[in-house]
Structures are given as C-alpha cells and as structure tokens.
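First up is the structure itself, then whatever we jot down about it.
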Amino acid sequence: MQKIISSIKTAAAITVVAAISACASTSSDTNMKSDKQELSRYIWTLNSSTNADGASTSKWTEPLDNPLAILFHEENLNISGLCNSLIATYETQGTNITVGPVAGTLKMCANQEVMGLEQEVSRHISKAQKWQISDSPNNSSKSLTLTFNDNSTWELSGELTNEARYNSEGEIMFLEIAPQKVECNDPNRPEHHCLNARTVSYAENGVQTEVGEWQPFYGNIEGYEHTDGVRNILRVKRFEKPNPPQDTSKYDYYLDMIIASGQ
C-alpha cells in the first residue's frame, strides 16, 4: 500500500512539473510573439550609430542617398536602402535577439562604395545581440536600439507600417500603368490628367491569366512616380479608408514593387 501511495505521489509530482513547464513554455512563446508584433508594427529607419568605443560614427549612413530601413515580420527581417534588398531570419528572447544568415537579391550596382557597405551590413546585422524599444522624448514616436556583440549600436526611429495605421493587412493587387496619362473628369482637380491603368491577375506559378479594362486611375499610388512613355506593372497594397470624403476614392494605394517596365 505504501508503495502505491509513493507511486501516486511521484506521478502527481511529475504531472505538476510538466504542467509548470508547459505553462512556462506557453508564456515564453506568448512573450516572443508579443515582442515580434511590437517590432513589426514599425518601419525602423537608421538615424545614428556608435562604434565599439561608444563614439558616434557615420559609417552606416554616409554613402547612402536614403538611410537604411529595417522591417520586421514574424519570422524574418528585411533591410532596404542599399543596392540590394537583404533578408534574414531572427528570434527574440526577452531583450536578446539572434539574427540568422543574410541573403539578398543579386543586382550589381555602379556605386562600389554602396556595394561594399552592403556586404558589411550583411555581416554586421548577424552580430546583433540586444534590442530595446523606447518612446521618443515627446512620446510622438518609437525608437529602437540594436546593440551588437562588440558593443556598437544602431539607433533607429519607428514609423507605423500601413498595416498598423489601417489596422488591416490590406489587399495585394497588380496594376498595369500605360505609358501616357489620359484626361480624366476629376471635379476636385480640373484639367487634371490621370494614370491610365488596368488590373492584372496572375496564377500561382506567375503566369498572367487575366487583364481588366483600361480606365483612368483617379487616386494616387504612394511611392510611385510615373515617367511619360514608360509602361509599368506594379504590385501595390490597397487599404480601405476609414472615413473617405465624398467624391474621392474609398481606397489608398501604396507601391510595393515595380515588377516589369517597358516602352
């Protein structure tokens, strides 16, 4: 009888330990997901940096026309502002961060200085060890500090992503933009010329399957600048406006990528 009671107590103890471990694991997973959600709400733009001695350095910003920007997703991060776009996996555990090997597109650029910086960024971001988000002095924005294994730092400012601002994932769509603009009847902008656009659909294998009718595009595509005489196919993200004014489009459009260009 004593052996049975002892076995029951042992089994109960194992069950309790397992339950505690499961709860701890669930809590850790929840915290990790929360950390990644906070990181992914912003586009982080590099403002300043310090070297291993704590001195300010312009090494990561000086050769670039536009500053480096990091966009975190649930499983990976993207770095833009260089010659190529870079991508890497990452994990967080509390204030610790681990960045995996970096891959990127293979475009060659004329500016060799930028190409060299790109290689250094690829090596350096994998050495990130700590991260911390803080409020700016006037609480109008967020700041991210990345600390690397040599104690150097990057200071980045955060701007809400479109997904966070609209509280929506948005809709990805493809638009073909004709080389020339067309006249359009826009009551808010007399004698205004609009983009001439049509929708394009693709199968999962990338083969074009359907095109829509050409029609004036009355809205704007944030991030897109049209050049007369050039035809483009754009991948855009469309978000529904919360309270659109009368006689305006109910959507906002943002350029995601130019996937094809031609005359």
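Some observations on this one:
- Within the range 97-119, the residues that satisfy the criterion of being over 20 Å from the mean Cα position of the chain (by Cα) and either touching a residue at least 60 places away in the same chain (Cβ under 8 Å) or buried (at least 16 other Cβ atoms within 10 Å of the Cβ) (or both) are V114, M115, L117.
Quick grid of which residues meet (1) surrounded by 14 or more Cβ atoms within 10 Å (Cβ to Cβ); (2) on the phi < 0 side of the Ramachandran plot; (3) in a loop (DSSP other than H, G, I, E, B); (4) assigned by TED's automatic domain parsing to the domain that holds L146:
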position: L46; (1), (2), (3), (4): yes, yes, no, yes
position: S58; (1), (2), (3), (4): no, yes, yes, yes
position: P63; (1), (2), (3), (4): yes, yes, yes, yes
position: N66; (1), (2), (3), (4): no, yes, yes, yes
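- In the range 144-177, residue surrounded by the fewest Cβ atoms within 10 Å (Cβ to Cβ) [restricted to those that are in contact (Cβ under 8 Å) with a residue 40 or more places away in the chain, of a type outside the set (V, I, T) and under 15 Å from S48 (Cβ atoms)]: E155
- Restricting attention to the range 186-217, the residues being assigned to a loop (DSSP other than H, G, I, E, B) and surrounded by 10 or more Cβ atoms within 10 Å (Cβ to Cβ) number 5.
- Any hit, the range 162-177, residues being over 23 Å from the mean Cα position of the chain (by Cα) and assigned by TED's automatic domain parsing to the domain that holds P245: yes
The values are calculated or read from the model by the stated rules, or taken from the named source; none is laboratory data. In this text, all values refer to a predicted model and were calculated from it rather than measured experimentally. Here the Cβ is made from the backbone with ideal geometry for all residues, glycine too, and neighbour counts use every protein chain on show.
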